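**Student:** Let me begin by handing over the structure; questions about it come next.
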């Protein structure tokens, strides 16, 4: 990661809020130089030290594509990164809403593509899930592991599957809590309190969903439904309307 | 707390609730038709009080628990909490019998985790007095009590149940009488999606648990938790919620779990579940 003499290396990030900010903050803290490009516009909350890039810098150590909510924006970003970066630069892409296999079909150098379980709030955990794409080069997978270890994370390598592991479980918990709230089973704060007291969940599913943001939760559920074609993954009406809780910071 | 609390059923949950009520200062009438079950329940309470409190305090609390084999002894209770077998016919029979024993105005609570409060109260003459008080296992340690309003439960009954839970040092959460109430419903995807991920080969048991713990900050992964709860118990709750929601696909049980129940690999209690124990 230490090439170019730029501390831990140069990370180029494309994507959307609040993922870009979360990753930029973690990369800066780990000593990386960060350049970020938002699609669509955003990034008002970017941490100090992050350069907003109009063009993608070729001398990157690693590139992150952090879009979940728009497949079209994601495809454009991945293609732009794939075109601009030299072949050896690994491309780590948020894959909680779109499988790595789908994304691999959008770019020329699929061997550099590695899926990551990027969902708001999850970077606060001690582990990062990565899913190598079809035909991913060993070097790209190793680089992904090295990148997350530089951020202080353990690694879990999982198969490429819709929603990956934690985003799928978590977004379905958030969804079920919204079904229950919409059906007036209990008040929102009470649902969160019951889940924390009755099951020791670290956060209530409604407050967690608000922190992830309803748009990202919906993107994961939409991806699951698209992949499986099952009613099981339909979005709760309340979540479709914007969620049952205002945005919170966990 | 001065209300005399009657408990029907001296199993794990009945004994646990009895212990909590006695520790909160109530006289407890612990009823079970089986003398053996009653003796085991009293032993469990005594053991719980030995580990939980000072010797004198524990002895005083234990002295407040009165085992009774005759249901008629529950006449002195101001609140009765039923913690018998999870079977609607059994519970309905108990509640009808209780009506003939207790004084008017006695709150009749059920600790059911999966049955309808409305259905349990429907055959009684006083459905307004019937309420769900769903304690979590182990009752002495878990703070949550879901206070479940059946379609005919009165406001006064809800308030008395809530107040009793508070007196017991618990956190009461009010909820509607819907399948799984809050926790057993909202938690279903934690297990269901983990089982699907396993079935699809996305990751193994240990890897999924490690991800959920370390990436998500959960205290236990889904497979560790199923082993602790009992795979048969977890499967029964899933089936019950699935059936009561008329086969809503979100709650569909998974064949892996069914197969494990058939094989008798039920988790910690059998020494083998998703993990080997002991």
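Only the coordinates and a few stated rules stand behind these numbers; no lab work does. Every value quoted in this text rests on a predicted model; they were computed, and no experiment measured them. Positions of Cβ are backbone-derived with ideal geometry, glycine not excepted, and every protein chain shown enters the neighbour counts.
**Student:** Out of region A:114-131, which residues are within 13 Å of chain B (Cβ to nearest Cβ) and outside any loop (DSSP other than H, G, I, E, B)?
**Tutor:** A:115, A:116, A:122, A:123, A:124, A:127, A:128, A:129, A:130, A:131, listed by residue number.
**Student:** Of all residues in region B:253-265, how many are touching a residue at least 40 places away in the same chain (Cβ under 8 Å) and either touching a strand residue (DSSP E or B) at 6+ places or on another chain (Cβ under 7 Å) or away from chain A (no Cβ under 14 Å) (or both)?
**Tutor:** 3
**Student:** To continue, here is another question. From (1) within 10 Å of chain A (Cβ to nearest Cβ); (2) out of contact with any helix residue (DSSP H, G or I) (no Cβ under 6 Å at 6 or more places or on another chain); (3) buried (at least 23 other Cβ atoms within 10 Å of the Cβ), pick out the condition that doesn't hold for residue B:174.
**Tutor:** Looking at each condition in turn, residue B:174 falls short on (3).
**Student:** Sort through A:169, A:155, A:191 and tell me the only one that's part of a strand (DSSP E or B) and either buried (at least 23 other Cβ atoms within 10 Å of the Cβ) or more than 7 Å from chain B (Cβ to nearest Cβ) (or both).
**Tutor:** A:155
**Student:** Looking at (1) free of Cβ contacts under 8 Å to residues at least 24 places away in the same chain; (2) touching a helix residue (DSSP H, G or I) at 6+ places or on another chain (Cβ under 6 Å); (3) closer than 20 Å to residue B:215 by Cα, which one does residue A:165 not meet, given that it meets all the others?
**Tutor:** With respect to (1) free of Cβ contacts under 8 Å to residues at least 24 places away in the same chain; (2) touching a helix residue (DSSP H, G or I) at 6+ places or on another chain (Cβ under 6 Å); (3) closer than 20 Å to residue B:215 by Cα, residue A:165 is out only on (1).
**Student:** Which of (1) within 26 Å of residue B:155 (Cβ to Cβ); (2) part of a helix (DSSP H, G or I); (3) touching a residue at least 60 places away in the same chain (Cβ under 8 Å) does residue B:14 not meet, given it meets every other one?
**Tutor:** (1)
**Student:** Assuming residue B:164 fulfils every condition listed in (1) more than 9 Å from chain A (Cβ to nearest Cβ); (2) more than 21 Å from the chain's Cα centre (by Cα) apart from one, which condition is it?
**Tutor:** Here residue B:164 meets the rest and fails (2).
**Student:** Here is a further query. Check B:232, B:155, B:209, B:227 and return the single one that is surrounded by fewer than 17 Cβ atoms within 10 Å (Cβ to Cβ) and free of Cβ contacts under 8 Å to residues at least 60 places away in the same chain.
**Tutor:** B:155
**Student:** Given the criterion touching a residue at least 40 places away in the same chain (Cβ under 8 Å) and within 23 Å of residue A:208 (Cβ to Cβ), identify the matching residue among B:250, B:268, B:244.
**Tutor:** B:250 is the lone residue from the list that is touching a residue at least 40 places away in the same chain (Cβ under 8 Å) and within 23 Å of residue A:208 (Cβ to Cβ).
**Student:** Quick one: would you say residue B:160 is in contact with a strand residue (DSSP E or B) (Cβ under 7 Å, 6 or more places away or on another chain) and either in a helix (DSSP H, G or I) or surrounded by fewer than 20 Cβ atoms within 10 Å (Cβ to Cβ) (or both)?
**Tutor:** yes
**Student:** Would you tally the residues in region A:194-221 being touching a residue at least 24 places away in the same chain (Cβ under 8 Å), closer than 26 Å to residue B:137 by Cα and assigned to a helix (DSSP H, G or I)?
**Tutor:** Total satisfying the criteria: 4.
**Student:** Could you count how many residues in region B:144-157 are over 19 Å from the mean Cα position of the chain (by Cα) and assigned to a loop (DSSP other than H, G, I, E, B)?
**Tutor:** So the answer is 4.
**Student:** Name the residues in region B:198-219 that are over 30 Å from residue B:134 (Cα atoms), facing chain A (nearest Cβ under 7 Å) and not in a helix (DSSP H, G or I), would you?
**Tutor:** B:200, B:201, B:202, B:203, B:215
**Student:** Anything in region B:253-268 that is assigned to a loop (DSSP other than H, G, I, E, B) and crowded, with 16+ Cβ neighbours inside 10 Å? List them, or say none.
**Tutor:** Selection gives B:253, B:254, B:265, B:266.
**Student:** Go through region B:17-59 and count every residue that is more than 22 Å from residue B:163 (Cα to Cα) and assigned to a helix (DSSP H, G or I).
**Tutor:** 23
**Student:** State the number of residues belonging to region B:180-197 that are part of a helix (DSSP H, G or I) and more than 8 Å from every other protein chain (Cβ to nearest Cβ).
**Tutor:** 4
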